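Notes for the one structure printed next.
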């Protein structure tokens, strides 16, 4: 298995869009937090979050390939369970999300977008000032961050987490990488 630094270097070789790189860093932090909470391997789950969208620019508009190509691109450095989670995070691949890691990636992927959008609404644009109650309000407001699929965030319930617990975990996780995110 590779280190986080090696994974980030690989991401930067394949992904030029800095916002997408930051998204992957945010998802990786949430995945680490979920692994710690659920008894998974924090290093492995973090790598899954960091590498899940490595193919995004390469697949272009062919979203049926997104996730499948990512798994191929990192098959030399991750075990099969991690590759399955990466394939399953995009339902268009037809790969079913079954394991806690699979479900966690789907939920973390969506939650990161809600947290970033909420942070950008704060006067200081910092994730440190986002509160759980703000996330709850923004979550309920379907016109806010329309691209964030609330049903994907709700998958946290399949992991035994309430929305509030998941929001708290996600906020703490993203605060741990706030400097890298510029938030």
Exercise. Cα axis of helix 18-38 to longest principal axis of the chain: angle in degrees, 0 to 90, nearest 10?
Worked result: 80
Exercise. So how tilted is helix 163-175 from the main axis of the chain? Cα-based, degrees 0 to 90, rounded to 10.
Worked result: 70
Problem set entry | Per residue Cα convex hull volume in Å³ - calculated over region 82-183 | 100
Exercise. Rounded to the nearest 0.05, what FRET efficiency do residue 77 and residue 180 have when you use their Cβ-Cβ distance and R0 = 22 Å?
Worked result: 0.60
For this session: Using only the alpha carbons, work out the radius of gyration and Dmax of the chain in angstrom.
Result: 15.1, 43
For this session: Any chance you could give the angle, 0 to 90 degrees and rounded to 10, that helix 100-121 forms with the longest Cα principal axis of the chain?
Result: 50
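Just the number: Rg to Rh for region 34-124, Cα atoms, Kirkwood Rh, two decimals.
We get a ratio of 1.01 for region 34-124.
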Problem set entry | Point-to-point label distance, residue 5-residue 120, nm (Cα→Cβ direction, 7 Å offset) | 3.1
Exercise. Mind checking which of 19, 65, 32 has the largest fluctuation in a GNM of the chain, springs on alpha carbons under 10 Å?
Worked result: 19
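Ranked by Cβ crowding within 10 angstrom, fewest neighbours first, how are 167, 139 ordered?
139, 167
Throughout, read-outs are computed from the coordinates displayed, never taken from laboratory work. This is a predicted model, so every value here is computed, not measured. FYI the Cβ positions are ideal-geometry reconstructions off the backbone, even for glycines, and counts take in every protein chain you see.
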